[in-house]
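Here it is: the structure, laid out below.
The values are calculated or read from the model by the stated rules, or taken from the named source; none is laboratory data. Because the structure is predicted, anything quoted here is derived from the model rather than measured. Cβ atoms come from the backbone with ideal geometry, glycine included; neighbour counts cover every protein chain shown.
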Amino acid sequence: MIKNKIINIKKDSIAEELGIMPNSYLLSVNGKEIYDVLDYKFEMSDDFVTIEIEYNNEIDEYEIEKYIDEDIGLVFEEELIDCPKRCQNKCVFCFMDQLPTNMRSTLTFKDDDYRLSFLTGNYVTFSNCNEKDIDRIIKYKLSPINISIHTTNLELRKKMLNNPHADNILGYIQKLYDNQIYMNGQIVLCPDYNDKEELIKTINDLEKYIPYMQSICIVPVGLTDYREGLTPIRIFTVDELKKTIEDISVIQNRFIQKYGSSIVFLSDEFYLKSNTPIPDYSFYEEFPQLENGVGMVSLFKYMFNKRLEELKEQKVICKNKRVSTVTGRLIESTICECASILKEQYNVDIQVFGIDNDFFGRNITVTGLLTGEDIYNQLKGKDLGERLYICDNMLKDDEDVFLDNMTVKELSAKLGIEIVIIYNNGGDFIDQLLGL
């Protein structure tokens, strides 16, 4: 019999009212054994369920009446109830293989689990799956599912993922398509591997899965300074980035005419690093791949301008006089532009500091990978004004901790200034920097 350990009970939950204790075990729901979180959520979705709990070698049965899909408050040892599947690939472009050795363990675990794709938005390669896994995706209607495709040239895919089982993907995608499971595809683009003609071929191959292949994003490979012993890969030249934008633009225009959607989107990095204007807010439709850095700048500027118009009507008064904010080099010009507008209209002195990434290497320019130590080293001794503002995407989801384990509180103490966290949103950027 499968025993799923319960390590905690949520406060004010149904489980707490029933007296279920931490360190007890879930044996079954509605008479069925629970293998993982998918089984659990499926069986617990009704408004009346029966569960079996073992505690101190005694088994009790609980009949529970609740709202449909209401969480009863059991916290399991693992998020997935069983252990997440570890990635079996050795991708030539894998960012996790390029991390410094002193990273915390939660950042160095490489998962490749379709359940996390559905629950948290992670991308899966399907090289770690079998037919049974695909059948469970269909059974539980895990839609959309996020898939790391990279290329439809199956021999090239095996080479890029360093996995002989990486050639099973198209059959799985076809099966999901046949069962009307929506998918989001990802392509990490590497020079001299899956770019140029290979990229065009991949997109043309994936077209037949539209509309269930609802979006495809393309992101350029990220390279840190920690690639010793790894497959040599270079960064894209400016001309190559521009050519990719041109090639994809042709496909986007064709897809818009045919499907009413671009389907394929390039991450902001292509435009910013090639000094090419980023498409307008409306181009990104419902922002299907925002977490991949697709359309972030357009959304930020849209929310910034929208909030600016609202404040004009309200005739607000700025409470800040002189403040500072930090940003990665990639989006520095955008942040400087927005700060200049606020300075001109509200007479607030906003210093924008672009931070070089010495922790990972200066090829890494996104704000979300900045560390506390780099911010400290490049700001120490500077007059930062009343307070320093940082973006929340630099920090751990549930804690004010940078990637190098420095806390916001520690950075504040070292710099001798109050630090305020801004949501990655153009509207909140205004409200915080104006002290509203």
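Could you grab the pairs with beta carbons closer than 9 Å, sequence gap of 6+ or different chains, first residue in region 89-102 and among the aromatic types (Phe, Trp, Tyr), second one surrounded by 16 or more Cβ atoms within 10 Å (Cβ to Cβ) and part of a helix (DSSP H, G or I)?
93/160
Being more than 25 Å from the chain's Cα centre (by Cα) and loosely packed, with under 15 Cβ neighbours inside 10 Å: is that true of residue 398 here?
So residue 398 fails the test.
Whether any residue in region 239-255 is part of a loop (DSSP other than H, G, I, E, B), touching a Leu at 6+ places or on another chain (Cβ under 9 Å) and either without any contact (Cβ under 8 Å) to a residue 24 or more places away in the chain or assigned by TED's automatic domain parsing to the domain that holds residue 159 (or both) is what I want to check.
no
Another question about this same structure. Being among the small types (Gly, Ala, Ser), touching a residue at least 12 places away in the same chain (Cβ under 8 Å) and part of a helix (DSSP H, G or I) is the requirement here; does residue 127 meet it?
no
Yes/no per residue for (1) over 24 Å from the mean Cα position of the chain (by Cα); (2) crowded, with 17+ Cβ neighbours inside 10 Å; (3) not assigned by TED's automatic domain parsing to the domain that holds residue 219:
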| position | (1), (2), (3) |
| --- | --- |
| 275 | yes, no, no |
| 279 | no, yes, no |
| 282 | no, no, no |
| 285 | no, no, no |
| 288 | no, yes, no |
| 306 | yes, no, yes |
| 311 | yes, yes, yes |
| 315 | yes, no, yes |
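Sticking with this structure for a sec: So, of the residues in region 90-104 that are over 20 Å from the mean Cα position of the chain (by Cα) and within 27 Å of residue 187 (Cβ to Cβ), which turns out to be surrounded by the most Cβ atoms within 10 Å (Cβ to Cβ)?
Residue satisfying both the conditions and the ranking: 92.
Please tell me if residue 162 is more than 25 Å from the chain's Cα centre (by Cα), surrounded by fewer than 16 Cβ atoms within 10 Å (Cβ to Cβ) and of a type outside the set (A, V, I, L, M, F, W, C).
Here the answer is no, as residue 162 does not meet what is asked.
Moving on to the next point. Over 19 Å from residue 268 (Cα atoms) and buried (at least 22 other Cβ atoms within 10 Å of the Cβ): is that true of residue 341 in this structure?
Considered against the rule, which asks whether it is over 19 Å from residue 268 (Cα atoms) and buried (at least 22 other Cβ atoms within 10 Å of the Cβ), residue 341 comes out as no.
Can you pull out the residues in region 193-202 that are in contact with a Ser or Thr (Cβ under 9 Å, 6 or more places away or on another chain) and in a helix (DSSP H, G or I)?
Those that are in contact with a Ser or Thr (Cβ under 9 Å, 6 or more places away or on another chain) and in a helix (DSSP H, G or I): 196, 198, 199, 201, 202.
Can we say residue 136 is charged (D, E, K, R) and within 23 Å of the chain's Cα centre (by Cα)?
No: the conditions fail for residue 136.
What number of residues within region 399-414 satisfy the criterion of being out of contact with any helix residue (DSSP H, G or I) (no Cβ under 6 Å at 6 or more places or on another chain) and assigned to a helix (DSSP H, G or I)?
5
Please name all residue pairs, on different chains or six or more residues apart, with Cβ atoms under 7 Å, provided the first residue is in region 362-391 and is in the same structural domain as residue 429 (by TED's automatic domain parsing) and part of a helix (DSSP H, G or I) and the second residue is of a type in the set (Val, Ile, Thr) and at pLDDT below 95.
none
For region 70-88, which residues satisfy the criterion of being at pLDDT 90 or above and crowded, with 18+ Cβ neighbours inside 10 Å?
Across region 70-88, the qualifying residues are 72, 73, 74, 76.
Also, quick follow-up: When the residues of region 19-66 are narrowed to those that are under 31 Å from the mean Cα position of the chain (by Cα) and in a loop (DSSP other than H, G, I, E, B), which ends up farthest from residue 115 (Cα to Cα)?
Taking the candidates together, the pick is 46.
Any residue at all in region 113-120 that is in the same structural domain as residue 189 (by TED's automatic domain parsing), within 25 Å of residue 224 (Cα to Cα) and among the hydrophobic types (A, V, I, L, M, F, W, C)?
No; the residues of region 113-120 include none that is in the same structural domain as residue 189 (by TED's automatic domain parsing), within 25 Å of residue 224 (Cα to Cα) and among the hydrophobic types (A, V, I, L, M, F, W, C).
For region 145-187, what are the residues that are within 24 Å of residue 231 (Cα to Cα) and in a loop (DSSP other than H, G, I, E, B)?
Correct list: 149, 150, 151, 152, 153, 162, 163, 164, 165.
Here is a further query. When you look at residue 305, is it touching a residue at least 24 places away in the same chain (Cβ under 8 Å), on the phi < 0 side of the Ramachandran plot and part of a helix (DSSP H, G or I), yes or no?
Answer is yes for this residue.
Give the residues of region 309-357 that are of a type in the set (Ser, Thr, Tyr) and in a helix (DSSP H, G or I), sorted by residue number.
If the condition is that a residue be of a type in the set (Ser, Thr, Tyr) and in a helix (DSSP H, G or I), then 333, 334, 340, 346 are the ones that fit.
Return the residues of region 308-335 that are more than 27 Å from residue 218 (Cβ to Cβ) and either polar (S, T, N, Q) or free of Cβ contacts under 8 Å to residues at least 60 places away in the same chain (or both); say none if nothing qualifies.
Within region 308-335, 309, 310, 312, 313, 314, 315, 317, 320, 324, 325 meet the criteria.
Follow-up question, since we're still on this one. Go through region 415-426 and give me each residue that's within 15 Å of residue 327 (Cα to Cα) and assigned to a strand (DSSP E or B).
Within region 415-426, 419, 420, 421, 422 qualify.
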